[in-house]
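The values are calculated or read from the model by the stated rules, or taken from the named source; none is laboratory data. Source: prediction; values computed, not measured. Glycine gets a Cβ as well: all are built from the backbone with ideal geometry, and neighbour counts include every protein chain shown. With ligands, DNA and RNA removed, areas are computed over all heavy atoms of the protein, side chains included. Shrake-Rupley method; radii C 1.70, N 1.55, O 1.52, S 1.80 Å.
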Amino acid sequence: MFDSYRKWIPLGLAAAVLVANAGCGGSKHAAPQTFSVLVDGHNKSANESFLSYFPNVVRVHAGDSVVFDQVGVGEPHTVTLGTLVDPVLSAFEKLTPQQQQNPPKALIAADKKLPSLLPQGPGDAVQSAANPCFLDSGVTGTKQCAKKSQPAFTGKQSFYNSGWLDRNQKFTVQIAKGASPGTYHFFCLLHREGMTGKIVVVPSKTPVPSPSAQAAAGNRQLASVEAKLQPAVAALRKGRAPIPGVKIPGAHPVLAGSGSPSVGEAEIDEFGPKTVHIPVGGSVTWYMLGVHTITFNATTTNNDIRKVAPDGTVHLNAPALTPAGGPGEGKAGKPPGKAPFNFVVVTSSSWNGRGFHNSGAFANSNPPLLIEGYKLTFTRAGTYKYICTVHDNMKGTVIVH
């Protein structure tokens with residue numbers, strides 16, 4: 001369900017922005033080097049998630065290592081390579097933007113050989129995707145792969161998967177000394193062709209930019225996306241849509257997330273406005289831009305959608321995702337009219353301020369045709385802090401007088 005949403009204007013899966021291979025510090029291969037790639041990104045001035053790797057092209061020699069560092073705010077990601085991945089992404093890159101919206105059946109079939117991280121609807125995380133998996137050949141099903149030590153990446157394995165990365169987790173890919181020069185694609189098993197990258201193994205005598213130069217290129221790429229989102233961040237914090245002239249309906253509306261029509265690879269994970277004042281008996285309506293929850297009185301047992309079982313396997317945490325204290329999102333509705341933007345309240349509930357209350361995950365918004373709203377009426381005075389269980393540090397407050 002999590003890979004179906006987009007921002008204010010539907011965008012095709014964005015083609016990866018290649019990082020130039022020029023840079024300071026290029027040298028011929030000597031001792032093995034370690035290169036860094038950010039999975040997602042972290043903006044110190046705004047809570048945002050990025051469906052990208054920075055840099056999304058890293059050039060190395062056989063024997064080097066690439067460390068993938070998950071630095072996001074909770075958006076689920078994997079790093080997945082292998083001979084099942086390469087032909088899918090190679091073919092996708094050759095399509096026009098229009099063709100990427102409706103890929104050929106053969107490409108769709110090839111993509112389906114790779115598991116999705118999360119189910120399309122209720123259920124647990126797909127275990128072959130959510131946990132590390134290393135296959136020399138063949139395709140993986142949905143069950144957890146046999147546990148084995150992580151091997152060096154030869155470029156010949158069919159499926160080489162990090163599993164669902166925890167926040168601040170690092171996944172190191174050692175390039176085998178015998179790996180052939182060539183381009184090896186990687187992507188996220190949730191965001192698929194919308195979040196991709198490449199490891200380019202070059203001949204031993206060909207220089208590559210230094211690890212620091214390539215990391216700096218990735219940081220510049222991240223900063224560029226952050227800058228494009230800044231006007232939308234400013235608007236969100238005032239409770240405004242990122243598109244001028246779009247009015248948010250209702251007496252006390254709050255946007256749950258936002259984004260920019262010109263940025264398809266990132267979103268803003270904040271509530272805007274962050275604090276709302278209402279009278280007893282008043283209501284707040286949250287309009288969902290992205291996959292979010294509205295969750296009050298969370299504890300460590302229900303404040304995160306990712307859960308690690310006692311045996312170390314990774315799963316979806318049902319209490320963080322399912323509604324409590326009222327109805328959930330339900331099935332996706334139909335846009336009610338021909339307006340440029342359709343804000344529709346799909347669920348209404350009331351709460352007395354006591355106990356755990358959760359909207360459950362909302363994932364059916366499809367801006368601009370349908371932007372789903374969750375309306376909650378407060379029957380008791382108090383100050384109520386809430387979070388989104390999907391995205392870290394996505395917090396808000398309702399003050400009922």
Subject >> Output for segment 338-348, where each listed residue is touching a residue at least 24 places away in the same chain (Cβ under 8 Å), part of a loop (DSSP other than H, G, I, E, B) and either touching a His at 6+ places or on another chain (Cβ under 9 Å) or open to solvent by less than 60 Å² (accessible area, probe 1.4 Å) (or both) >> reply: F341, N342
**OP:** Kindly provide the set of residues from segment 32-51 that are open to solvent by 50 Å² or more (accessible area, probe 1.4 Å), among the polar types (S, T, N, Q) and closer than 16 Å to Q169 by Cβ, ordered by number.
**Re:** S36
**OP:** Assess whether A361 counts as being under 24 Å from the mean Cα position of the chain (by Cα), of a type outside the set (D, E, K, R), within 23 Å of E267 (Cβ to Cβ) and open to solvent by less than 40 Å² (accessible area, probe 1.4 Å).
**Re:** yes
Original post:
Does segment 316-337 contain any residue that is more than 20 Å from G272 (Cβ to Cβ), of a type in the set (S, T, Y) and open to solvent by less than 60 Å² (accessible area, probe 1.4 Å)?
Top reply: no
**OP:** Among residues belonging to segment 369-390 that are under 20 Å from the mean Cα position of the chain (by Cα) and not in a strand (DSSP E or B), point out the one that is surrounded by the most Cβ atoms within 10 Å (Cβ to Cβ).
**Re:** C388
Original post:
Which one of T300, T285, T295 is open to solvent by less than 10 Å² (accessible area, probe 1.4 Å) and out of contact with any Leu (no Cβ under 7 Å at 6 or more places or on another chain)?
Top reply: T295
**OP:** Name the single residue, out of those in segment 167-179 being open to solvent by less than 20 Å² (accessible area, probe 1.4 Å) and in a loop (DSSP other than H, G, I, E, B), that is farthest from D86 (Cα to Cα).
**Re:** A176
**OP:** Report whether or not P76 is crowded, with 23+ Cβ neighbours inside 10 Å and within 20 Å of the chain's Cα centre (by Cα).
**Re:** yes
Subject >> Residue ID - nearest to E372 (Cα to Cα), chosen from residues in segment 234-282 that are surrounded by fewer than 16 Cβ atoms within 10 Å (Cβ to Cβ) and in contact with a His (Cβ under 9 Å, 6 or more places away or on another chain) >> reply: H277
Original post:
Is there any pair linking a residue in segment 66-83 that is within 11 Å of W164 (Cα to Cα) to one that is at pLDDT below 95 and hydrophobic (A, V, I, L, M, F, W, C), with Cβ under 8 Å and at least six apart or on different chains, and which?
Top reply: P76/F2
Original post:
Any idea how many residues of segment 305-315 are buried (at least 19 other Cβ atoms within 10 Å of the Cβ) and either modelled with pLDDT under 95 or out of contact with any His (no Cβ under 9 Å at 6 or more places or on another chain) (or both)?
Top reply: 2
Subject >> Unmet criterion (only one of (1) touching a Leu at 6+ places or on another chain (Cβ under 9 Å); (2) outside any loop (DSSP other than H, G, I, E, B); (3) farther than 30 Å from A213 by Cβ) for L95 >> reply: (2)
**OP:** Within segment 94-115, track down each residue that is surrounded by 14 or more Cβ atoms within 10 Å (Cβ to Cβ) and of a type outside the set (D, E, K, R).
**Re:** L95, Q100, P103, L107, A110, L114, P115
Original post:
When segment 116-149 is examined, which residues are found to be in a loop (DSSP other than H, G, I, E, B), farther than 25 Å from G330 by Cα and open to solvent by less than 30 Å² (accessible area, probe 1.4 Å)?
Top reply: N131, T140, C145
Original post:
Filtering segment 157-166 down to residues that are surrounded by 15 or more Cβ atoms within 10 Å (Cβ to Cβ) and of a type outside the set (S, T, Y), which residue is farthest from the chain's Cα centre (by Cα)?
Top reply: Q157
**OP:** Considering only segment 212-233, state which residues are in contact (Cβ under 8 Å) with a residue 24 or more places away in the chain and open to solvent by 40 Å² or more (accessible area, probe 1.4 Å).
**Re:** S212, N219, K228, Q230, P231
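If you take the residues of segment 349-368 that are in a loop (DSSP other than H, G, I, E, B) and hydroxyl-bearing (S, T, Y), which of them is nearest to S260 (Cα to Cα)?
S365
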